[in-house]
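These notes are about the structure you will find just below.
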Amino acid sequence: MLFLPLPGEPMNDKSVITGKTRIYGIIGYPVTHSLSPVMQNAALQAAAVDGLYVPFAVEPDQLATAVSGLRALQVCGFNVTIPHKTSIMPLLDELAPSAVQAGAVNTVVNQGGRLIGHNTDGDGMIISLAKDLECGIAGSKVVLVGAGGAARGALAAFCRAGVASVIVVNRTLQIADDLANSFRACYPQVKLQVSTLPVQAELALSEVDLLVNATSLGMAGEKIEGLSLALLSGHAKVYDMVYNPTLTPLLSDAKKCGLKAANGIGMLVAQGELAFKLWHGMSPDEGVMQEALSCFYATQQRLDSL
């Protein structure tokens, strides 16, 4: 985090906010839960970048006004979170291929007044899978639970990474089929199938290498009904994009079944690192964002125990 010095302390580039300080941020509604300011400010300070990253609460009906304001204020870049990831797309000047494929924007770069939308979520997930689960994606068979925005970004990343097959599992079969159809023409080499919960999905579980939850189920302690991890083979791995709580019912079930599993914290960090590189032309110091999150969680646990 960036702080002004206390009276009597020397002033330095890392602690002083001036007219030259570059502003970055995140827009969403609500946005108070976002951990991006924790990660990004830690990375800015470690890299000695004269910048500040702040959260902006933007109600849905104020999105267009907010984007115009960010442009006018020459904010250098910003992240986009729920519920604006799709609705912001027509308000931008250009969309990178990653955003077009994902059908969503999570990172905006201001290039001389032109706002360019990117999506780092999918590639962040691939990085996290390799790092946190030692999971090679090329040639693998995947079950993807969900067919919303997060699932679309994940499916795009899986196809780019060269998976052998993906089964999109959703309660509403037509939505899953629409998602799969939007990628079939671009990636004919990837076998894309759809299924509903519970019966059809359960029959497919025995053959997959990786199961990914791309829904919000688990944030409030919910189980994904009709998804039996006992049917997975012993080598299969489980990834839950949900990271709060850190141990979701899905991850708890995976642990009981002896399956290697991870939550979405690694994805959060990786997508943030990719956004940092888009803004600054360099990667953040290795591990600085992860360490900032670890310190934040440790502090929260101490406060909760008081």
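Of the conditions (1) in contact with a Leu (Cβ under 8 Å, 6 or more places away or on another chain); (2) more than 17 Å from N79 (Cβ to Cβ); (3) surrounded by fewer than 23 Cβ atoms within 10 Å (Cβ to Cβ), A147 fails just one. Which one is it?
So A147 meets the others, but not (3).
Residue by residue, here is whether (1) in a helix (DSSP H, G or I); (2) buried (at least 24 other Cβ atoms within 10 Å of the Cβ); (3) at negative phi holds:
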{"site": "A99", "(1), (2), (3)": "yes, yes, yes"}
{"site": "G122", "(1), (2), (3)": "yes, yes, yes"}
{"site": "C135", "(1), (2), (3)": "no, no, yes"}
{"site": "G153", "(1), (2), (3)": "yes, yes, yes"}
{"site": "A156", "(1), (2), (3)": "yes, yes, yes"}
{"site": "V166", "(1), (2), (3)": "no, yes, yes"}
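Quick grid of which residues meet (1) crowded, with 22+ Cβ neighbours inside 10 Å; (2) in a helix (DSSP H, G or I); (3) assigned by TED's automatic domain parsing to the domain that holds P97:
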{"residue": "Q174", "(1), (2), (3)": "no, yes, no"}
{"residue": "S182", "(1), (2), (3)": "no, yes, no"}
{"residue": "Y187", "(1), (2), (3)": "no, no, no"}
{"residue": "G234", "(1), (2), (3)": "no, no, no"}
{"residue": "Y239", "(1), (2), (3)": "yes, no, no"}
{"residue": "P245", "(1), (2), (3)": "no, no, no"}
{"residue": "G258", "(1), (2), (3)": "no, no, no"}
{"residue": "L278", "(1), (2), (3)": "no, yes, no"}
{"residue": "E286", "(1), (2), (3)": "no, no, no"}
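For the range 99-125, give me the residue count where each residue is under 13 Å from A150 (Cα atoms) and in contact (Cβ under 8 Å) with a residue 40 or more places away in the chain.
Summing the residues that are under 13 Å from A150 (Cα atoms) and in contact (Cβ under 8 Å) with a residue 40 or more places away in the chain in the range 99-125 gives 10.
The values are calculated or read from the model by the stated rules, or taken from the named source; none is laboratory data. None of the values given here were measured: they were computed from a predicted structure. All Cβ positions, glycine included, derive from the backbone under ideal geometry; neighbour counts span all protein chains shown.
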